[in-house]
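This report refers to the structure that appears directly beneath it.
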Amino acid sequence: MKVLVIGGGGREHAIVRALLKSPRIKKLYCAPGNGGISRDAVCVPIKATDIDAVVRFAKEEAFDLVFVAPDDPLALGLVDSLEEAGLRAFGPRKNAAVIESSKAFAKDLMEKYGIPTASHRTFSEPEKALEYLRSHGAPVVVKADGLALGKGVTVAATLDEAERAILDMMEDKKFGASGSTVVIEDFMTGPEVTVLAFTDGKTIVPLPSSRDHKRAFDGDKGPNTGGMGAISPAPDYTPEIEEYCMKNIFRPTIAAMASEGRPFKGVIYFGLMLTKEGPKVIEYNARFGDPEAQAVLPLLETDLADIIDAVIDERLAETEIKTSPGAACCVVLASGGYPAEYKTGFEITGLNDLPDSVFVYHAGTVVKDGKYFTSGGRVLGVTAPASDLESAVSSVYDGVSRINFKDMFCRRDIGRR
Ligand code: AMP
Ligand code: GLY
């Protein structure tokens with residue numbers, strides 16, 4: 001098989017590495033990829049959101065499969081365009097990717113089909129949103145309807161903060177068109193868990209659970225980031241909770257999408273909160289999470305190419321998906337200043353000095369004369385699978401201690417709290 005992976009971060013590096021394990025894959029390309037990915041796949045400088053260029057390239061090169069990993073191209077309908085051009089693509093079509101690209105859609109779906117989530121109201125007029133907010137009170141959560149680089153959610157402790165968020169989104173257009181509609185929802189508390197699952201639109205097979213660590217600093221302090229590390233599985237996601245989620249959340253979501261004429265095929269991401277009243281959905285994504293994929297994919301034992309075929313051909317019910325009973329941990333090494341301003345272009349050292357149990361997924365690197373340099377906020381995802389979480393965490397931090405670049409920082413408490 002000749003395969004093209006779309007995207008260029010740590011998640012895409014993990015997907016590339018998982019695909020490389022398949023004896024069926026003879027040629028692997030990535031667009032745009034990054035410095036580290038270029039060691040494992042041929043990187044081509046095409047932007048993931050340049051739909052026409054991706055389709056043209058995929059046709060010219062006659063790929064057997066195109067794996068669309070990031071949210072933006074899925075929301076723009078890249079899978080639809082590839083299919084129209086006669087190509088095989090992995091990922092949901094645009095009408096199913098809406099489960100991530102419109103929070104209002106996702107909330108209405110959950111309400112209609114009785115899937116547990118926080119109560120909500122949707123508004124497209126700022127006055128109405130403010131009026132509802134005042135009657136609701138704080139704490140409360142304000143969300144931009146559309147994609148906003150993971151920054152469109154304000155968990156507001158006070159009414160002032162919530163009002164500011166609504167005005168930023170609806171009047172000042174902080175997130176452009178993504179914020180012209182807002183969802184206001186009840187504040188929930190409890191530990192968060194991510195579940196990534198393969199689905200062919202009829203059958204759903206969850207992978208081991210995981211936990212992202214979104215805040216920049218130890219102790220869940222500091223600003224929200226794209227994710228500073230992940231563990232898999234999440235220790236508090238018990239078999240009983242999994243059974244509840246399967247029955248009340250996972251299967252009903254897939255059935256709901258099918259009933260709506262939007263069959264979801266690909267990887268669906270359930271962002272869950274384990275509240276006192278039971279697990280509830282915080283959000284859906286239409287793809288692997290980043291950095292959750294970096295912790296979950298190393299535990300996948302079944303050939304990823306076989307799973308992809310089963311999803312596309314709707315044969316998931318007959319396909320066994322095996323995962324390791326162990327655990328994995330991924331710690332992100334970031335550029336000083338991230339998620340605000342940071343400098344790039346610093347040489348990365350120590351990558352050749354890692355223990356065998358540790359490997360590194362590249363997120364923001366370039367390669368020049370065989371040396372790696374930083375090129376993004378999140379630079380590397382240092383990862384280790386092991387028989388248990390404690391060993392995975394200790395291997396990862398052993399690896400982390402050997403790597404360096406100017407202004408590097410990371411969280412020291414991933415999987416430790
Ligand atoms: P999202 O971008 O939808 O993943 O939201 C970002 C983060 O905001 C989540 O990971 C939660 O920590 C928090 N969050 C979102 N919705 C709620 C809610 N209804 N109650 C409490 N926290 C929330
Ligand atoms: N880790 C959160 C996300 O991928 O959206």
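The values are calculated or read from the model by the stated rules, or taken from the named source; none is laboratory data. Please read these numbers as outputs of a predicted model, since none were measured by experiment. Glycine also receives a Cβ, built like all others from the backbone with ideal geometry; neighbour counts cover every protein chain displayed. Note: accessible area is taken over every heavy atom of the protein model, side chains too, but ligands, DNA and RNA are not part of it. Shrake-Rupley method; radii C 1.70, N 1.55, O 1.52, S 1.80 Å.
Suppose we filter Gly222, Gly261 for residues that are surrounded by fewer than 24 Cβ atoms within 10 Å (Cβ to Cβ), away from ligand 1 (no atom under 12 Å from the Cβ) and in a strand (DSSP E or B); which single one remains?
Values: Gly261 fails: in a strand (DSSP E or B).
Matching residue, one of Gly222, Gly261: Gly222.
Part of a strand (DSSP E or B), under 27 Å from Glu243 (Cβ atoms) and touching a Lys or Arg at 6+ places or on another chain (Cβ under 9 Å): does that describe Val193? Reasoning before the result, please.
Values: part of a strand (DSSP E or B): yes; under 27 Å from Glu243 (Cβ atoms): yes; touching a Lys or Arg at 6+ places or on another chain (Cβ under 9 Å): yes.
In short, yes.
Could you list, in sequence order, all residues of region 41-75 that are in a strand (DSSP E or B) and open to solvent by 10 Å² or more (accessible area, probe 1.4 Å)?
Going residue by residue through region 41-75, those that are in a strand (DSSP E or B) are 42-43, 65-68.
Selection gives Val42, Cys43.
Where residues in region 114-159 are more than 16 Å from ligand 2 (Cβ to nearest atom), open to solvent by less than 30 Å² (accessible area, probe 1.4 Å) and among the small types (Gly, Ala, Ser), which of them is farthest from Pro223 (Cα to Cα)?
If we take residues in region 114-159 being more than 16 Å from ligand 2 (Cβ to nearest atom), open to solvent by less than 30 Å² (accessible area, probe 1.4 Å) and among the small types (Gly, Ala, Ser), then Ala129 is farthest from Pro223 (Cα to Cα).
Of the conditions (1) in contact with a strand residue (DSSP E or B) (Cβ under 7 Å, 6 or more places away or on another chain); (2) among the polar types (S, T, N, Q); (3) open to solvent by 40 Å² or more (accessible area, probe 1.4 Å), Asn352 satisfies every one except a single condition; which number is it?
(1)
Can you tell me how many residues within region 268-289 are assigned to a loop (DSSP other than H, G, I, E, B) and away from ligand 1 (no atom under 12 Å from the Cβ)? Full working, then the answer.
Let us first name the residues in region 268-289 that are assigned to a loop (DSSP other than H, G, I, E, B), namely 276-277, 286-289.
Remaining after also requiring away from ligand 1 (no atom under 12 Å from the Cβ): 276-277, 286-288.
Qualifying residue count for the region: 5.
Report the residue count in region 179-212 for those that are within 12 Å of ligand 1 (Cβ to nearest atom), in contact with an Asp or Glu (Cβ under 7 Å, 6 or more places away or on another chain) and more than 30 Å from Ala310 (Cβ to Cβ).
2
Which pairs do you get when a residue that is among the β-branched types (Val, Ile, Thr), found in region 217-230, comes within reach of a residue that is more than 11 Å from ligand 1 (Cβ to nearest atom), reach meaning Cβ atoms under 6 angstrom, with the pair 6+ apart or on two chains?
Between residues of region 217-230 that are among the β-branched types (Val, Ile, Thr) and residues that are more than 11 Å from ligand 1 (Cβ to nearest atom), the close pairs are Thr225/Ala216; Thr225/Pro339.
Go through region 76-113 and report how many residues are in a helix (DSSP H, G or I), surrounded by fewer than 24 Cβ atoms within 10 Å (Cβ to Cβ) and touching a Gly at 6+ places or on another chain (Cβ under 8 Å).
3
Out of all the residues in region 227-245, which are surrounded by fewer than 22 Cβ atoms within 10 Å (Cβ to Cβ) and assigned to a loop (DSSP other than H, G, I, E, B)?
Residues of region 227-245 that are surrounded by fewer than 22 Cβ atoms within 10 Å (Cβ to Cβ), as a first pass: 235-236, 238-244.
Correct list: Pro235, Asp236, Thr238.
Scan region 269-286 for residues that are within 12 Å of ligand 2 (Cβ to nearest atom) and either of a type in the set (Gly, Ala, Ser) or in contact with a strand residue (DSSP E or B) (Cβ under 6 Å, 6 or more places away or on another chain) (or both) and report the count. Explain how you work it out, then say what you get.
Initial filter on region 269-286 (within 12 Å of ligand 2 (Cβ to nearest atom)): 269-271, 282-286.
Those left that are additionally either of a type in the set (Gly, Ala, Ser) or in contact with a strand residue (DSSP E or B) (Cβ under 6 Å, 6 or more places away or on another chain) (or both): 269-271, 282-283, 285-286.
Number satisfying all stated conditions: 7.
What are the pairs, 6+ residues apart or on separate chains, where a residue within region 361-372 that is open to solvent by 60 Å² or more (accessible area, probe 1.4 Å) has its Cβ under 8 Å from a residue that is charged (D, E, K, R) and assigned to a strand (DSSP E or B)?
Lys371/Glu347
For residues that are within 16 Å of ligand 2 (Cβ to nearest atom) and over 18 Å from Lys322 (Cβ atoms), scanning just region 171-201, find the one that is most open to solvent (accessible area, probe 1.4 Å). Walk me through it before giving the result.
Pass one, region 171-201, residues within 16 Å of ligand 2 (Cβ to nearest atom): 175, 178, 191-197.
Imposing the further condition that a residue be over 18 Å from Lys322 (Cβ atoms) reduces the set to 175, 178, 191-194.
Numbers: Phe175: 44, Ser178: 28, Pro191: 57, Glu192: 88, Val193: 3, Thr194: 8 Å².
Per the criteria, the residue is Glu192.
Yes or no, residue by residue, for (1) closer than 21 Å to Ser22 by Cβ; (2) within 16 Å of ligand 2 (Cβ to nearest atom):
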{"position": "Val296", "(1), (2)": "yes, yes"}
{"position": "Thr323", "(1), (2)": "yes, no"}
{"position": "Cys329", "(1), (2)": "no, yes"}
{"position": "Gly336", "(1), (2)": "no, no"}
{"position": "Ile348", "(1), (2)": "no, no"}
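Tell me which residues, restricted to region 374-405, are assigned to a strand (DSSP E or B) and open to solvent by 10 Å² or more (accessible area, probe 1.4 Å). So that I can check it myself, show each step before the final result.
From region 374-405, those assigned to a strand (DSSP E or B) are 374, 378-386, 404; that's our starting set.
Hits for region 374-405 are Arg378, Pro385, Ala386, Asn404.
Scan region 202-219 for residues that are in a loop (DSSP other than H, G, I, E, B) and open to solvent by less than 50 Å² (accessible area, probe 1.4 Å) and report the count. If you could, list the steps in order and put the result at the bottom.
Looking only at region 202-219, we keep the residues that are in a loop (DSSP other than H, G, I, E, B), and these are 202-203, 207-209, 213-214.
From what's left, open to solvent by less than 50 Å² (accessible area, probe 1.4 Å): 203, 207-209, 213.
Number satisfying all stated conditions: 5.
Taking region 5-28 as the search range and keeping residues that are over 20 Å from Gly364 (Cβ atoms) and part of a strand (DSSP E or B), which one is farthest from the chain's Cα centre (by Cα)?
The extreme case among them is Lys27.
Pick from Ala177, Ala129, Ala138: which is assigned to a helix (DSSP H, G or I), over 24 Å from the mean Cα position of the chain (by Cα) and in contact (Cβ under 8 Å) with a residue 24 or more places away in the chain?
That would be Ala129, the only listed residue that is assigned to a helix (DSSP H, G or I), over 24 Å from the mean Cα position of the chain (by Cα) and in contact (Cβ under 8 Å) with a residue 24 or more places away in the chain.
Output the residues belonging to region 274-289 that are within 16 Å of the chain's Cα centre (by Cα) and open to solvent by less than 30 Å² (accessible area, probe 1.4 Å). Spell out how you get there, then give the answer.
Step one: of region 274-289, the residues within 16 Å of the chain's Cα centre (by Cα) are 281-289.
Scanning region 274-289 gives Val281, Tyr284, Asn285, Ala286, Phe288, Gly289.
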